Amino acid sequence: MKNKTEIRIGKGKLSITESAAAKFKDSWLLIRIINEKGPCRDDMCQLIEKVKVTISSEKPPNLVALENGKSLNIGCSRVFMETVDRDRKSVKLYSSITNELKLKGY
C-alpha cells in the first residue's frame, strides 16, 4: 500500500497519497466546490455540485488554509470543509494514470 498523509477536517479526513503530494510540494493545492448547470435545456434544471482540484503558486484570499502539521500547502473552500466535517467523509486525493490530481469520496 502506498504511503499517505491523513489530515483531519473536523470529524472527517483528507488522505493524500505520496505521489499526489509530490505534485504540489512547493505550490498550493486548491480544492473548490463549483456548481454547474445540469443537462436540461430549460431554466428549471438542478445545479450539480462538483469538486475542482488545481495547483497554484499562491493561495487565493477566499480559500481557507488547511492546517496539517506537514509542509503541504492546502487551500479549501468553506463549503468543502463543512461538508467533509458534517458528513464525516473520508476523502482521498490521488494521482491518476493520466497524471491528473483526482479527489475520490466527496
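The values are calculated or read from the model by the stated rules, or taken from the named source; none is laboratory data. Because the structure is predicted, anything quoted here is derived from the model rather than measured. In this analysis, Cβ positions are derived from the backbone assuming ideal geometry, glycine residues included, and neighbour counts consider all displayed protein chains. To get the accessible areas, we keep the full protein, side chains included, count just its heavy atoms, and leave off ligands, DNA and RNA. Shrake-Rupley method; radii C 1.70, N 1.55, O 1.52, S 1.80 Å.
I'd like the accessible area for Val51: 1.4 Å probe, protein heavy atoms, all chains in place, Å² to the nearest 10.
Val51 exposes around 50 Å² with every protein chain in place.
Okay, which of the stretch 71-106 sit inside 15 Å, backbone N to the point 7 Å along the Cα-Cβ direction of Val64?
Label zone hits: 74-89.
Sort Asp85, Asp42, Asp26 from largest to smallest accessible area, using a 1.4 Å probe on the heavy atoms of the protein chains.
Accessible-area ranking of Asp85, Asp42, Asp26, largest first: Asp26, Asp42, Asp85.
Within the chain, which cysteines find no other Cys whose Cβ is under 4.7 angstrom from their own?
Here Cys76 come out as lacking a disulfide-compatible partner, given the Cβ-Cβ threshold of under 4.7 Å.
Expressed as a whole percentage, what fraction of the accessible surface of the chain belongs to carbon and sulfur atoms when a 1.4 Å probe is rolled over the protein heavy atoms?
Accessible surface attributable to carbon and sulfur in the chain totals 46 percent.
Can you work out ³J(HN,Hα) from phi for every residue in the stretch 45-56, in order, using Karplus 6.51 cos²θ - 1.76 cosθ + 1.60 and θ = phi - 60°, giving whole Hz and x for Gly and Pro?
With the stated coefficients, the stretch 45-56 comes to 6, 6, 7, 10, 8, 10, 9, 10, 10, 9, 10, 9 Hz.
Could you tell me the ratio Rg/Rh of the stretch 42-97? Both radii from Cα atoms, Rh via Kirkwood.
Taking Rh as the inverse mean 1/r over Cα pairs, Rg/Rh reads 1.03.
May I ask for the equivalent-ellipsoid semi-axes of the chain, computed as the square root of five times each C-alpha gyration tensor eigenvalue and listed largest first in whole Å?
Over the Cα atoms of the chain, the semi-axes work out to 25, 16, 15 Å.
Accessible area per residue for the chain in Å², computed with a 1.4 Å probe and the full protein assembly in place, what is it?
68 Å²
Straight-line reach only, C-alpha to C-alpha below 28 angstrom: list the lysines that Lys11 could link to, leaving out same-chain residues fewer than 8 apart.
Result set, ordered by chain and number: Lys2, Lys23, Lys25, Lys50, Lys52, Lys59, Lys70, Lys89, Lys92, Lys102, Lys104.
Dipole of the chain, Cα-centred, from +1 at each Lys and Arg C-beta and -1 at each Asp and Glu C-beta, to the nearest 20 debye?
360 debye
Below 8 Å between Cα atoms, with a sequence gap of 6+, how large is the relative contact order for the chain in percent?
33 percent
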